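Engineer: I have a structure I would like to understand better, so I am pasting it below and will then ask my questions one at a time.
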Amino acid sequence: MPITTFEHPFYNRIMTIAFQPSLLDSFDERPALAPLAGTVRRIPLADGAWVDLRPGWLADSDAVFETLVTVVPWRADRRQMYDRVVDVPRLVSHFGPGATLPHPVLTDAMTELNTYYSPAADQRFQTAGLCFYRTGDDSVAWHGDRVGRTIDRDTMVGILSVGEPRVLSVRRKTGGDVLRFPLGHGDLIVMGGSCQRTHEHAILKTKKAVGPRISVQFRPVWPT
């Protein structure tokens, strides 16, 4: 696996990560989104939840990955856990409604998702949260996204992944089989219906040799 070195102006230091570009990507091409109509596969889940999959939605996504690594103002969050404060095991960044996204293709992606799904006005995708999983030690625990007062309503979360694949696991809160979706190199997954209320999802730690991945989570503005 080649070693790629990035100079990150936000940290004013060198960030070195091992990254294996996709054999299908060409850095000579401009990243572009493929059509959604007729190419999305829906997987019905229990309790009115569903997952949509569109592998390879973003072509030439490796160039987007490298741009996001270097220009996004990544931060390392900390949280209280029992009697101590611990580092959140991933880097994060957030772009609220009306913010300029860190790559033009992400703006295009949000527009395309809103066009394809045609959600109600208060459920349109308006924000982008980014997570940078650098190695297999970076993770996010089982959770359903917090939806404020919309907790009793159906909603959607769209996730575009660039970089190397990591497994997104999805399970019903009341138990049952775990579904595993390896996502990377421009893949799209949309969790909809009751998914955030009735199911949980996670990126679990792994001891396997995995490369870095950035996920871009498109969400509506949920009232608090």
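Taken together, the values in this text are just the output of simple stated rules run on the coordinates, not laboratory data. Since the structure is predicted, the reported quantities are computational estimates derived from the model, not experimental observations. Counting neighbours? That spans all protein chains shown, and the Cβs are built from the backbone with ideal geometry, glycine included.
Engineer: Using a simple spin-label model with points 7 Å from Cα along the Cα→Cβ vector, what separation in nm is obtained for R153 and A99?
Structural biologist: It works out to 2.2 nm between the two label points.
Engineer: Further question on the same structure: From the convex hull of the Cα coordinates of the range 29-135, what is the mean projected area in square nanometres?
Structural biologist: For the Cα atoms of the range 29-135, the hull's average projected area reads 9.7 nm².
Engineer: So, in nm, how far is label A202 from label R30 when the simple model puts each one 7 Å beyond its Cα toward the Cβ?
Structural biologist: Each label point is offset 7 Å from its Cα along the Cβ direction, giving 4.2 nm.
Engineer: Using 0.36 nm per residue, how much length does the chain from R78 to V221 gain when fully extended, once their Cα-Cα distance is taken away? Present the calculation step by step, with values, prior to reporting the outcome.
Structural biologist: Numbers: separation 143, 0.36 × 143 = 51.48 nm, distance 2.37 nm.
So the chain would gain 49.1 nm between R78 and V221.
Engineer: Could you please state, rounded to a whole Å, how far the C-alpha centre of the range 121-135 is from the C-alpha centre of the range 171-210?
Structural biologist: Using only Cα atoms to place each centre, the spacing works out to 15 Å.
Engineer: Measure off 7 Å from each Cα along the Cα-to-Cβ vector at R41 and T70, then give the distance between these two points in nanometres to one decimal.
Structural biologist: Label at R41, label at T70, 3.5 nm between them.
Engineer: Mind ranking 121-132, 30-41, 158-169, 66-77 by how tightly packed they are, going by the mean number of other C-beta atoms within 10 angstrom, highest first?
Structural biologist: On the way: 121-132: 18.7, 30-41: 12.9, 158-169: 23.6, 66-77: 16.8.
Going from most to least packed, we get 158-169, 121-132, 66-77, 30-41.
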